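Down below is the structure, laid out as structure tokens.
The values are calculated or read from the model by the stated rules, or taken from the named source; none is laboratory data. The shown structure was predicted, so the numbers you read here are calculated from the model rather than taken from an experiment. Note: ideal-geometry Cβ built from the backbone for every residue, glycine included; neighbour counts use all protein chains shown. The protein model used for the area step is the full one, side chains on, heavy atoms only, and it has no ligands, DNA or RNA in it. Shrake-Rupley method; radii C 1.70, N 1.55, O 1.52, S 1.80 Å.
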Protein chains: 2
Amino acid sequence: MSHTAELIAVGTELLLGDIANTNAQMLSQGLSQLGINVYYHTVVGDNPRRLRQAVEIAKGRADILITTGGLGPTYDDLTKLVLAECFGKELIHHAPSEERIRARFAAMGHEMTENNLQQAMLPEGCTVLDNDWGTAPGAAFFAQGTHVILLPGPPMECENMFRHRALPYLQALSEGVIASRTVKTFGIGESAAEALLRPLMNRLENPTLAPYAKPTGTELRITARAETEAEALERIAPVEEEVKAILGDKVIGVDVNSIQEVCLSLLQERGLTLGTAESCTGGMMASLMTDLPGASKVFRGGVVSYHEGVKAQVLGVPEEMLAQYGAVSPQVAEAMARGAKKLLGCDLAVSATGVAGPDPDERGNPVGLVFLGLAWEDQCIVQEFRAGNVARERVRRMSAQRGLDLVRRHLTGLL
Amino acid sequence: MSHTAELIAVGTELLLGDIANTNAQMLSQGLSQLGINVYYHTVVGDNPRRLRQAVEIAKGRADILITTGGLGPTYDDLTKLVLAECFGKELIHHAPSEERIRARFAAMGHEMTENNLQQAMLPEGCTVLDNDWGTAPGAAFFAQGTHVILLPGPPMECENMFRHRALPYLQALSEGVIASRTVKTFGIGESAAEALLRPLMNRLENPTLAPYAKPTGTELRITARAETEAEALERIAPVEEEVKAILGDKVIGVDVNSIQEVCLSLLQERGLTLGTAESCTGGMMASLMTDLPGASKVFRGGVVSYHEGVKAQVLGVPEEMLAQYGAVSPQVAEAMARGAKKLLGCDLAVSATGVAGPDPDERGNPVGLVFLGLAWEDQCIVQEFRAGNVARERVRRMSAQRGLDLVRRHLTGLL
């Protein structure tokens, strides 16, 4: 039987925009992993009448209702009171929860004010969800055909309570196990990937295949349901191979986070070091590489040669070359990469020079035109990349990632 | 008359938890600034039936309805179709929007597929909200007692469309004029700022003063309502002065976006150039500076000296110094800054060397310990900064911004 969940977040701070509803994102991810559909999120303030209305609407369209927030003493237990009322339940005192709350305050060395004990009042007959990450316990109960789960609002508490308390409760509702693997691509948009994969997507039922546009490239998530995890992964494997075959060299890895992570692994495996020479990307390639712990093993360093003088004096780009071809040229991209390799003493050096915008350069090169160079041993290749006339930040980010993709392609023999 | 707004976000990616509904947060902040109440947020997938239901519910409880998402060509213009239907309107072709969409594709050098022209179909009689940040135009109309505003989903587009297109429309609904000024600080948390400003905040009615925690520092927004904008700004001025006096050198500017923007302006005003020497920040300071158009006038370049060999051979940090004090030391921070200034030929050079984590360095320096250096003329100062044992990315980001704040303080005579 397939389940439908609805999320109701309670908190005026959400309606004032003080915080974003990140709990809804976390819960939605977790529920979709379980194969539970989520059709609505609702946010409502600390107002009993409006919360009641939201609950009544949700009851009519979902069989799992998860609330976040409104369990603490400062909100007068709004959520528990309203939910108990909507489902015809009384709140009753739960002695073990009172003990836990008292013990928690004692452990922190804080004095406990009496209003904290309201948190030990819970819907009759509920499964109490012990909170090891805060004071307010959660609760789960089944009434009027609906599974109701109450979770605390602070994101860290909410996430732990969901993973360690609510998840076992929800897993018992669903049949079998869900597993997924994510094929990460670079340099192909969601719509282009979807066009290539549409016949496969249409053919599949279990596993399913879905594309997701991410700032760092399109992801293809393959999700299977089976009796056991091993069986689910077995169902995924042939589809994963098929996706890889269709998308070819656009695939940078499976269950990886980023192009820089892939570069780091490849450099580590091969025992090679990398350096950077950056103009338009202004340090972004270096910054991406050093985002990762362990970068110091393979990343030597970089030069940001923003001014022509730095290109000439630090990287040794000949001044005649700069005068003749301009800074945005394949010649200069090559000289930058070769210069950085020598200066930094690295095995590979990648360079980027281009027009980040918002205006064309003084030679009339258009915004988004970028030359990327890669030097190794005594060799060098240069690729032209056109990011298009998009925002400066986007030209820079895309170019920096393209530069690292050049490293990946070189190291995997794709060039 | 007081208005009540409801936000409906359209997008299955929100229900799958691929992204958080940050648009709702941004819009809620903006609406609360206008004195417009927000009682509900709803998220619904790309499903016409469920969107229709959400709209019908919202119509009954709000007089301003703002939707985000579902305007692009890949979603079959779901939001516009459903909203037009719910409010008894036809979608009609809007020629100027078609021209804008065609021009945008031409500028990017991409071929435009025909489905993009669906974006030029808009509700009859609406105010078209031109989108300078993406392809899909927005729309605003009044029907059946409700003001309806349709905004695109990508957060950057949504925010710009709200600020520059929807806000004037909404301001016309409220009596008088709202004006606000934002005092930007650096190096002070929201709660510390609030503690200092609480007496002032309690005393104020019009203007109001509210703190906002941003990744780049706490912001204090002063908002006044008056008959005219000039009058509102007149009310703001004395409060702005008072806030500045209370927060002192933590204030980096008013209505500025970032520390790098402040540095760029200061460098431009004084006709000075900047360079960077980065170890733990790995290129982030350079990348922040080159985020901004116009950076080439004042930013010479930088060296990312991740490996000790690069510190010694490129920046000229003495090898004995590295051996004696280690790379994470005030001595090396100074030598890096002085070395960069000389190498890059800039007026000022800022350096950062520290432990980004996740582990302490081989000398036992703790995660989050960073030394920042600033060299100018023949002088140099070094400051110790302790970011604390936080995530690597946070140590790096905070350190890079601290480094730039050192530049600001030097240029404004605060050191």
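Restricting attention to segment B:267-289 and to residues that are in contact with a Lys or Arg (Cβ under 7 Å, 6 or more places away or on another chain) and open to solvent by 20 Å² or more (accessible area, probe 1.4 Å), the residue that is farthest from the other protein chains (Cβ to nearest Cβ) turns out to be B:Q268.
This table checks each residue for (1) touching a strand residue (DSSP E or B) at 6+ places or on another chain (Cβ under 9 Å); (2) among the basic types (K, R); (3) outside any helix (DSSP H, G or I); (4) surrounded by fewer than 20 Cβ atoms within 10 Å (Cβ to Cβ).
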position	(1), (2), (3), (4)
A:A356	yes, no, yes, no
A:E362	no, no, yes, yes
A:I381	yes, no, yes, yes
A:V390	no, no, yes, yes
A:R394	no, yes, no, yes
A:L404	yes, no, no, no
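Could you check, for segment B:43-64, whether at least one of its residues is within 17 Å of B:V10 (Cα to Cα), assigned to a loop (DSSP other than H, G, I, E, B) and touching a strand residue (DSSP E or B) at 6+ places or on another chain (Cβ under 7 Å)? Taking every residue of segment B:43-64 in turn, at least one turns out to be within 17 Å of B:V10 (Cα to Cα), assigned to a loop (DSSP other than H, G, I, E, B) and touching a strand residue (DSSP E or B) at 6+ places or on another chain (Cβ under 7 Å). Residues in segment A:53-67 that are more than 13 Å from every other protein chain (Cβ to nearest Cβ) and open to solvent by 10 Å² or more (accessible area, probe 1.4 Å) were compared, and the one that is farthest from A:N131 (Cα to Cα) is A:K59.
It is to be established whether one or more residues within segment B:85-93 are assigned to a strand (DSSP E or B) and within 9 Å of chain A (Cβ to nearest Cβ). Looking through segment B:85-93, none of the residues is assigned to a strand (DSSP E or B) and within 9 Å of chain A (Cβ to nearest Cβ). Among residues of segment B:107-120 being facing chain A (nearest Cβ under 9 Å) and part of a helix (DSSP H, G or I), the one that is modelled with the highest pLDDT is B:A107. Scan segment B:85-116 for residues that are open to solvent by 30 Å² or more (accessible area, probe 1.4 Å) and touching a residue at least 24 places away in the same chain (Cβ under 8 Å) and the total you get is 14. The residue that is farthest from the other protein chains (Cβ to nearest Cβ), counting only those in segment A:10-24 that are buried (at least 24 other Cβ atoms within 10 Å of the Cβ) and of a type outside the set (V, I, T), is A:N23. Can you confirm whether A:R402 is more than 12 Å from chain B (Cβ to nearest Cβ) and under 19 Å from A:T273 (Cα atoms)? Criteria met by A:R402. Of everything listed in (1) at pLDDT 90 or above; (2) more than 29 Å from B:V328 (Cβ to Cβ); (3) of a type outside the set (S, T, Y), the single unmet condition for B:A286 is (2).
Does segment B:339-346 contain any residue that is in contact (Cβ under 8 Å) with a residue 12 or more places away in the chain, open to solvent by 20 Å² or more (accessible area, probe 1.4 Å) and hydrophobic (A, V, I, L, M, F, W, C)?
Within segment B:339-346, one or more residues are in contact (Cβ under 8 Å) with a residue 12 or more places away in the chain, open to solvent by 20 Å² or more (accessible area, probe 1.4 Å) and hydrophobic (A, V, I, L, M, F, W, C).
On the basis of being touching a residue at least 40 places away in the same chain (Cβ under 8 Å), on the phi > 0 side of the Ramachandran plot, more than 14 Å from every other protein chain (Cβ to nearest Cβ) and open to solvent by 10 Å² or more (accessible area, probe 1.4 Å), does B:D249 make the cut? So B:D249 fails the test. Within segment A:164-193, if we keep just the residues that are in contact with a helix residue (DSSP H, G or I) (Cβ under 8 Å, 6 or more places away or on another chain) and of a type in the set (S, T, N, Q), the residue that is nearest to A:L34 (Cα to Cα) turns out to be A:S180.
Within segment B:106-157, the residues that satisfy the criterion of being under 21 Å from B:G69 (Cβ atoms) and of a type in the set (F, W, Y) are B:W133, B:F141. Screening segment B:350-379 for residues that are within 12 Å of chain A (Cβ to nearest Cβ) and among the hydrophobic types (A, V, I, L, M, F, W, C) and picking the one that is nearest to B:L406 (Cα to Cα) gives B:A352.
Looking at B:S305, is it of a type in the set (S, T, N, Q), under 23 Å from B:S265 (Cα atoms) and surrounded by 24 or more Cβ atoms within 10 Å (Cβ to Cβ)? Criteria not met by B:S305.
Of everything in segment A:125-140, what is out of contact with any Gly (no Cβ under 6 Å at 6 or more places or on another chain) and either open to solvent by less than 20 Å² (accessible area, probe 1.4 Å) or assigned to a loop (DSSP other than H, G, I, E, B) (or both)? Give them in sequence order.
The answer is A:G125, A:C126, A:D130, A:N131, A:D132, A:W133, A:G134, A:T135, A:P137, A:G138, A:A139, A:A140.
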